[in-house]
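Input: a single structure, listed below in structure tokens.
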Amino acid sequence: MLVIFANLLESSSSRPMAGPVLQHHLDQCLRNGIVTEEELWRWLREQAAPRRLRRSFFDAARRKAAGFAVGGLWAASVAADDKAVSCPRIVFGRGRKTMENQAVAWFNSGKSRIVQPDALWLRALRLTLEEMRTLSGTFVASTGTLTYDLVSAFAMAASSPLLQIMPDGLRSELPSDEHAQWKTQHPFITALSCHFGRNRCPKAVRWTCRDRLAAHLADVHIVLELRPSSRLAQILADQHRRDPRAIWVLEGTHEDGSPHPGNQELVEQLPVQPRFFHVGGGPSEEPRRKPAAGISALIVGEGWAPCWEEYLYHYTRACNGPWPGQDLHHYCISILKGDPLSSHSALATLARILNERRIRASHLLVRGQQSVVSLTSRPPRELHLFRRYNRSQARWTLDPYGIALRKTIVKRMGARPTIYGGEFVYRRLGPEDRYRFQSRGGRTSWMGEREWRLNGDLLLQDLAPGDYFVFVPTRDEAGQLADLAELPVPCVTLDRA
């Protein structure tokens, strides 16, 4: 009945209905004890003016709801007897309908997009995930933040029960055969959302409801690191004042062992004493990855200064999230395993290029669908003159890490200078040259980058050892690269170049 009503509310409005309004209507339907379609129809006729509610609309909503049911969709009430919880009161789900085991949720304020594999919060997460797996608990997680994604990935990899809150809604219209395939692939997953169609709240509101649902549904809360005066801390404090439950709080999040101020603020608001836990030992000082047998370490450039004008340069930068071609699940698993390349920093990106023996082409910043490798003729000592800060991505367009390739060799491989211009220039180019086109830019010109492009991947195995070298800012980072990379190649440190 709730799914029929939700579909009817969707079809009767030209604009998406606000989440709290939708939830209020659904709650009223539930509280009136409606159990048959005819009871629902009569109740709706009483609620709405007859001219605004047609039987054809009702029948269409009923048929659509029947299709959802075949796709495995169901509805449930949340905190129906708790007047303090006003929204959401109704959720839609797919998958398992019960949680036989104790449910556990992890709470962590947002972190930098560049992950440090040895960060304290991450080591605490790994430790508690393993402990809860041995206790056969149900993992409560969501999407939208790295911590939720990590918990979900761990539960899926361990085939542990997972209750996953979907703030962006369920993919509810699954054909019956695809639903059967989903149940086979994810037999331990329950997906929940407070909406399944176009009626949804702004992103910030959805994320707040996501955290409130996780706090309400979990029997155990594990707190990693909270920012002072954070919304998440207030959600947890409110939940424990209404309905206290077990809560673990990470302590000693600073080098001197003092608690994180956000965690301390939460503890002071809790009506019960939490269980504190800590992570023993600090980050490992030993290299976590050794070069393969027969592979030499990188050679730090001393007493040798390259002739910078003879090279083209491919600069690397941090990759926020999965590598190109890597899915989110495997990215999260690499972080949980402590893969030193999982930081996806500019240095890790350079190490990945050396380990794969290729610079991967991309079409993201190229007009059209041709994938290219971007190079520049400007050496590292000129980087400050042409790189820019991208505010939307909170990072520089280029970082002082990269690989220098002998210009004559790369030209022989097909690299050509970029053609800068406007729409008229692009239309005059032949199809074979359009991958080289780049707009001059608006207020600030892109021409200062002096870009070159190679159509397709650049394979390092096609180059002789003396045809290229890598560069990093400092001697320490050259040593880190030696631990991460598996290809012997000269490395110039820019503080000595």
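Taken together, the values in this text are just the output of simple stated rules run on the coordinates, not laboratory data. The shown structure was predicted, so the numbers you read here are calculated from the model rather than taken from an experiment. Quick reminder, even Gly has a Cβ in these numbers, built from the backbone with ideal geometry, and neighbours come from all protein chains shown.
Of note:
- As a rough footprinting exposure proxy, the listed residues R123, R427 were ranked by other beta carbons within 10 Å of their own, and the order from fewest upward is R427, R123.
- Ranking of T145, T408, T138 by neighbouring Cβ atoms within 10 Å, starting from the fewest: T408, T145, T138.
- For region 1-70, the relative contact order is 51 percent, taking Cα pairs closer than 8 Å that sit 6 or more residues apart in sequence and dividing their mean separation by the residue count.
- Residue by residue, region 21-33 carries 3J(HN,Hα) couplings of 5, 4, 5, 4, 4, 5, 5, 5, 4, 5, 6, 7, x Hz when phi is fed to the Karplus relation 6.51 cos²θ - 1.76 cosθ + 1.60 (θ = phi - 60°); x denotes Gly or Pro.
- Cα pair count fraction exceeding 16 Å, expressed as % - region 307-378: 58
- Sorted by Cβ neighbour density within 10 Å, fewest at the top, the residues I247, I419: I419, I247
- Applying Stokes-Einstein at 25 °C and 0.890 mPa s to the Kirkwood radius of region 411-497, computed over alpha-carbon pairs, gives a translational diffusion coefficient of 153 µm² s⁻¹.
- Checked against a 23 Å cut-off, the cross-linked pairs K97/K337; K111/K203; K64/K97 give Cα-Cα distances beyond that limit for K97/K337.
- Bridges between two residues of region 400-495, per DSSP, are antiparallel at a rate of about 50%.
- DSSP beta bridge pairing in region 299-493, given as percent antiparallel to the nearest 5: 75
- In order along region 242-252, the Karplus-derived 3J(HN,Hα) couplings, from 6.51 cos²θ - 1.76 cosθ + 1.60 at θ = phi - 60°, round to 6, 8, x, 8, 5, 9, 9, 10, 5, 10, x Hz, and Gly and Pro are given as x.
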